[in-house]
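The values are calculated or read from the model by the stated rules, or taken from the named source; none is laboratory data. In this text, all values refer to a predicted model and were calculated from it rather than measured experimentally. Neighbour counts run over all protein chains shown; Cβ positions are idealised from the backbone, glycine included.
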Amino acid sequence: MLHLFLDILRNSILITGLVIVMMMLIESLNIESGGSFFSGLKKTRTGQIIFSALLGSIPGCIGGFASVSLYTHRMISFGALIAMMVASSGDEAFMIVAMVPDRALMIFAILFVIAVASGLVTDFVCDRIRFRDRSLEAGLTEDTHCKQDFEVHEHAGKTRRITWKRVVMFIGVFIFIAALVSGILDHGHGESIQENNPARINFLDERWMQYLFAWMSLIVLVFLAVASDHYVEKHLWDHIVKKHLPGIFCWTFGVLMIVGFGLKYLDISGWISSNTALMILLAAAVGMIPESGPHMIFVTLYAGGIVPLPVLLASSISQDGHSSLPLLAESKKSFAAAKLINFIIAIAVGYGSMLFM
């Protein structure tokens with residue numbers, strides 16, 4: 001029992017650390033570029049859809065919030081919005097990279113192709129039925145998260161003080177690097193979550209991946225050392241550490257506890273494996289929740305070989321983290337229509353892919 005608990009705790013720390021490191025790097029790219037990453041938006045429908053699907057493919061909320069903002073400003077079409085939501089898996093995209101790094105690019109590529117096709121079909125149908133959300137106004141709107149004013153960042157100065165927040169993050173990342181390099185967080189150190197179980201959950205057992213993330217963490221240390229106080233405190237500490245880290249760890253630890261103890265003491269893996277059709281429906285339904293976290297259980301089950309790829313695809317398509325929450329605030333009509341279309345696409349892809357897998 002103690003070995004199982006420690007194994008789950010070790011994996012929770014490993015996954016949470018990887019997620020936070022990647023989120024910090026992406027936040028740095030977004031803020032330091034002054035939002036110029038989004039300035040290449042094409043004016044054609046196809047270009048909008050491809051661009052929005054690319055934004056959705058960015059792990060986390062940044063790309064999703066950007067697409068929602070562009071849509072509420074009428075800069076991209078409804079089909080482009082759908083493309084983003086299909087391609088996006090929210091913060092769970094980080095989990096996919098952490099848990100199944102050897103298959104992550106394949107999964108994201110499949111989602112991107114489906115996203116572009118879905119966007120093109122959606123715009124074609126919307127043109128025919130003349131769908132238009134008149135509740136959206138051309139005035140300025142604001143996203144509730146991830147869209148911070150770049151002007152404040154530019155004019156906040158380059159003051160660099162050794163504050164306790166900077167020190168805490170620096171020490172935390174340094175300890176995480178040491179743990180990666182030393183192998184303390186290696187899943188092989190200790191009893192497996194599923195001892196003698198062929199459907200063993202295997203989290204990032206490739207040592208080269210751990211060294212890669214150690215190097216990525218070193219880059220974060222550089223940002224922490226040279227970045228301005230405004231960037232460190234407002235974007236890294238307030239946005240990522242305070243807002244995301246506790247939730248990511250709690251969801252990770254909670255799901256791993258449920259799955260770990262359930263698979264060890266209950267014979268649920270056989271039932272889940274033999275009910276793929278029902279799991280696809282459940283995954284698509286859970287993905288309707290506009291929040292990061294619930295989707296992780298399907299990532300975990302897929303990583304452990306308990307559910308096949310169609311279940312993860314259905315969940316990933318239906319799920320978009322909390323990227324759609326600003327859309328709910330701006331237009332309930334577009335939000336409801338988009339989530340319904342996502343659900344239909346998820347079901348169609350999930351059951352359709354069962355014929356080939």
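Tell me yes or no: at least one residue of the range 104-127 is at pLDDT 90 or above and among the polar types (S, T, N, Q).
Looking for residues that are at pLDDT 90 or above and among the polar types (S, T, N, Q), one finds at least one in the range 104-127, hence yes.
If you go through the range 320-356 one residue at a time, how many are in contact with a Ser or Thr (Cβ under 7 Å, 6 or more places away or on another chain) and β-branched (Val, Ile, Thr)?
2
Considering each of ILE184, ILE248, ILE219, ILE193 in turn, give the residue that is of a type outside the set (Gly, Ala, Ser) and either at positive phi or modelled with pLDDT of 85 or more (or both).
When all the criteria are applied, what remains is ILE219.
If you scan the range 315-357, which residues turn out to be touching a residue at least 24 places away in the same chain (Cβ under 8 Å) and part of a loop (DSSP other than H, G, I, E, B)?
GLN319, ASP320, GLY321, HIS322, SER323, SER324, SER331, MET354, MET357
Could you check GLY293 against (1) assigned to a helix (DSSP H, G or I); (2) at pLDDT below 85; (3) buried (at least 18 other Cβ atoms within 10 Å of the Cβ) and say which number it fails?
Single failed check for GLY293: (1).
Residue pairs, Cβ under 7 Å, 6 or more apart or interchain, first in the range 108-133 and free of Cβ contacts under 8 Å to residues at least 60 places away in the same chain, second surrounded by 17 or more Cβ atoms within 10 Å (Cβ to Cβ). List them.
Listed pairs, sorted by first residue: PHE108/SER57; PHE112/ALA53; PHE112/SER57; PHE112/ALA87; CYS126/PHE78; CYS126/GLY79.
Can you find, within the range 29-50, the residue that is modelled with the lowest pLDDT among those that are outside any loop (DSSP other than H, G, I, E, B) and either closer than 26 Å to MET216 by Cα or in contact with a Phe, Trp or Tyr (Cβ under 7 Å, 6 or more places away or on another chain) (or both)?
Residue satisfying both the conditions and the ranking: PHE38.
Within the range 315-332, is there a residue that is at pLDDT 85 or above and of a type in the set (A, V, I, L, M, F, W, C)?
For the range 315-332, residues at pLDDT 85 or above and of a type in the set (A, V, I, L, M, F, W, C): present.
Scan the range 105-121 and tell me whether some residue there is β-branched (Val, Ile, Thr), surrounded by 24 or more Cβ atoms within 10 Å (Cβ to Cβ) and within 25 Å of GLY352 (Cβ to Cβ).
no
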